[in-house]
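All remarks here apply to the structure that follows.
The values are calculated or read from the model by the stated rules, or taken from the named source; none is laboratory data. It should be emphasised that the depicted structure is a prediction, and the values quoted were computed from it without experimental measurement. Virtual Cβ from ideal backbone geometry, glycine too; neighbours counted across all protein chains shown. Each accessible area value is taken on the protein alone, full model and side chains, heavy atoms only, with ligands, DNA and RNA left out. Shrake-Rupley method; radii C 1.70, N 1.55, O 1.52, S 1.80 Å.
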Amino acid sequence: PDIPTLTQLYEKGQLKPAKATRHEPNAELLNRVSLFQGDITLLELDSIVNAANRSLLGGGGVDGAIHAAAGRELLKECETLNGCETGGAKITRAYKLPSKHIIHAVGPVYSRSDVETRAKQLESCYQTSLEIAVKEGLKHVAFCCISTGIYGYPVPAATHIALDTVRRFLESEDGSKLDRIIFVIWLNKDLDVYESLIPEHFPPA
Ligand code: ADP
């Protein structure tokens, strides 16, 4: 597929990341990033990231799958959290899931008329989730493709934001505290996008 580069999206005004960078090869960073195609509820990791809504009380898509698999105890804990603003994230235990924790990130609903705000909110979901993981001493974080399902965010633009934000975090001081970031892909067409764009953000040495 013909997937726009970060720079092309930036030039068309469809994306406003902090910087449209071309990265130097860094094999060490690339080695800490993985792609997994399949169901995020099956993974056994320190944390998985849910694409939640502001209520944090469950919903459709991956949120529904996570709540169904984790059980009622998850909903009970979520009820104590008082929701979460768009772009934010909150952590819970994972109950019946094999993973230890769930980070519930609230992605933006996509809007063509407000691309810049939505891009910042999506970036903030990834950044905040990573900050929470480090604060809690968690070593791995598995992200689903936040906002690209029911919330309608175009997959290439969302993928550039996901990869760019994770790349910058791994390069930061706190980034060295994380062993592995896993991008969890559900759909074949989304896997193509990740496979095409990873070399742009994590070029092999
Ligand atoms: P949003 O409302 O943030 O768009 P969705 O749940 O609709 O959230 O979609 C987010 C992403 O999660 C999409 O890429 C969708 O294909 C994917 N997805 C749906 N079910 C699962 C699952 N069980 N495991 C991993 N990813 C999933």
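Helices in the chain, meaning DSSP H runs of at least 4 residues, each add -39500 (n - 2.57). Divided by all residues, the mean residue ellipticity at 222 nm is -12000 deg cm²/dmol. Computed as a quarter of the hull surface, the mean projected area of the alpha carbon convex hull for the stretch 41-161 stands at 6.7 nm².
Taking the chain, how much of its Cα-Cα pair set, in percent, is spaced more than 23 angstrom apart? Value for the chain: 40 percent of Cα pairs lie more than 23 Å apart. Computed over protein heavy atoms with a 1.4 Å probe, the carbon and sulfur contribution to the accessible area of the stretch 116-185 reaches 48%. At full extension, Glu195 and Glu116 could sit 25.9 nm farther apart than now, given 0.36 nm per residue minus the alpha carbon distance. Across the chain, the mean sequence separation of Cα contacts (distance under 8 Å, 6 or more residues apart), normalised by length, yields a relative contact order of 30 percent. So what is the diffusion coefficient of the stretch 94-188 in µm² per second by Stokes-Einstein at 10 °C and 1.306 mPa s, using a Kirkwood Rh over Cα pairs? The calculation lands on 114 µm²/s. Under the simplified labelling scheme, the Asn82-Thr5 pair shows an inter-label distance of 4.7 nm, with each label point 7 Å from Cα along Cα→Cβ.
Amide H contacts of Asn50: Ile103, His104, Ala105, each under 5 Å away and 5 or more positions distant or on a separate chain (H built 1.01 Å from N in the peptide plane; Pro and chain starts excluded). Can you give the translational diffusion coefficient of the stretch 1-88 in µm²/s, computed by Stokes-Einstein from the Kirkwood radius over Cα pairs at 37 °C and 0.692 mPa s? Result for D is 198 µm²/s. Residues whose amide H falls under 5 Å from that of Ser34, counting only those 5 or more places apart or on a different chain, are Ile181, Ile182, Phe183, with hydrogens built in the peptide plane. Between helix 188-201 and the chain there is an angle of about 60 degrees, using the helix long axis and the longest principal axis of the Cα atoms. For the chain, the longest principal axis of the Cα atoms and the long axis of helix 61-70 meet at an angle of about 40 degrees.
Would you mind telling me the antiparallel percentage of the DSSP bridges in the chain, rounded to 5? In the chain, DSSP labels about 20 percent of beta bridges as antiparallel.
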